[in-house]
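K.L.:
I'd like to ask some things about the structure below.
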Amino acid sequence: MSSTVRFPFGMVDIHGHWLPGVDDGAKSLEMSLRMARIAVDDGITTALATPHHLNGIYKTGAERVREEVAALRSEFARAGIELDLLPGSECHLVPELPRELAEGRAMTVADRGKAVLVELPVHSIPVGASTILEEILGLGLSPIIVHPERNSELARKPDRLAEWVEMGCLAQVTARSCIGKFGDLARDASKEMVTRGMIHFVASDTHRDRRRVPDMSYGRSVIEKWTNSEVGKLLAETYPRDLVLGRELELGALDEALPKRRRGWLRKMFGA
Ligand SMILES: [Fe+2]
């Protein structure tokens, strides 16, 4: 797909349910087109279509995603919509996922075989989650934990996410969580995870042309209030762009950009 990537990049949205009639996202082609226009108006230039896979309801394997994305790309072109749609998937964290990935049955980010979006259940962390993540890392793939702030166990224990990030996982916060649309717990967890440097991407997780629309800029501006414009740019533009291009993320840049926590400042001042 690399030859199809359009320049220059603006915001890159790595998580969305764009494909009509494939999962619980867009219900029709017309809805996908309306979503695409909203995204372009918001400053999004590139989006990953990430249908659910292995969540117990939907199975959207790699071949199906390739076909559906190619079809929707043609429709965007026909309608004159300048949104670069690339393939992806949102894979549920289940024991068979590493094997699905190893055998090429699950779609990776932009079909590059380097990273994969991984979703947890809403309320809990499944037993054996770390083992499955280790297996995915062992395949040379980076698991990207999607909306950890919306998993109530992770939201209450962000240190669990910190452990996974330490192992080599990446994480994506949903823009609407940052503005409180998924409740106070998800918003507060978003803030803690972002400010502690555990989050590498902000994305829309769009499902519709109303309410769960593909806008990222409100979420990005809240993140910038919590941190600064440099962090907002890394999470909304630089890192997602590098990800879809298959480049290594320069994670040191986030560490540099994050406002130093007061504790760290005091430690430096007093050597405590
Ligand atoms: Fe999603």
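The values are calculated or read from the model by the stated rules, or taken from the named source; none is laboratory data. Since the model is a prediction, treat every value here as computed from it, not as a measurement. Neighbour counts run over all protein chains shown; Cβ positions are idealised from the backbone, glycine included. Ligands, DNA and RNA are stripped out before the accessible areas are found, and what is left, the full protein with its side chains, is counted by its heavy atoms. Shrake-Rupley method; radii C 1.70, N 1.55, O 1.52, S 1.80 Å.
K.L.:
Looking only at the range 212-231, which residues are surrounded by fewer than 24 Cβ atoms within 10 Å (Cβ to Cβ), touching a residue at least 24 places away in the same chain (Cβ under 8 Å) and of a type in the set (G, A, S)?
P.N.:
Passing the criteria: only S217.
K.L.:
Out of the range 173-213, which residues are of a type in the set (D, E, K, R) and closer than 19 Å to A257 by Cα?
P.N.:
K191, E192, R196, listed by residue number.
K.L.:
Taking the range 121-171, which residues are within 16 Å of the ligand (Cβ to nearest atom) and basic (K, R)?
P.N.:
Within the range 121-171, just R150 meets the criteria.
K.L.:
Which of the residues spanning the range 197-211 are more than 16 Å from the ligand (Cβ to nearest atom), open to solvent by 10 Å² or more (accessible area, probe 1.4 Å) and at pLDDT 95 or above?
P.N.:
G197
K.L.:
Would you point out the residue of the range 172-185, among those that are within 14 Å of the ligand (Cβ to nearest atom) and not basic (K, R), that is farthest from L234 (Cα to Cα)?
P.N.:
Restricting to residues being within 14 Å of the ligand (Cβ to nearest atom) and not basic (K, R), the top hit is F182.
K.L.:
Restricting the first residue to the range 135-148 and requiring it to be at pLDDT 95 or above, which pairs with a second residue that is part of a helix (DSSP H, G or I) and within 13 Å of the ligand (Cβ to nearest atom) meet a Cβ separation below 7 Å and a spacing of at least six or different chains?
P.N.:
What qualifies is H147/S177.
K.L.:
Of everything in the range 35-80 that's polar (S, T, N, Q) and within 16 Å of the ligand (Cβ to nearest atom), which residue is most open to solvent (accessible area, probe 1.4 Å)?
P.N.:
This residue is N55.
K.L.:
Within the range 36-65, how many residues are more than 16 Å from L117 (Cα to Cα) and either outside any helix (DSSP H, G or I) or touching an Asp or Glu at 6+ places or on another chain (Cβ under 7 Å) (or both)?
P.N.:
Of the residues in that region, 10 qualify.
K.L.:
I've got another one for you. Only residues that are open to solvent by less than 30 Å² (accessible area, probe 1.4 Å), of a type outside the set (A, V, I, L, M), touching a Leu at 6+ places or on another chain (Cβ under 7 Å) and over 13 Å from L93 (Cα atoms): list them for the range 136-153, please.
P.N.:
Selection gives S152 alone.
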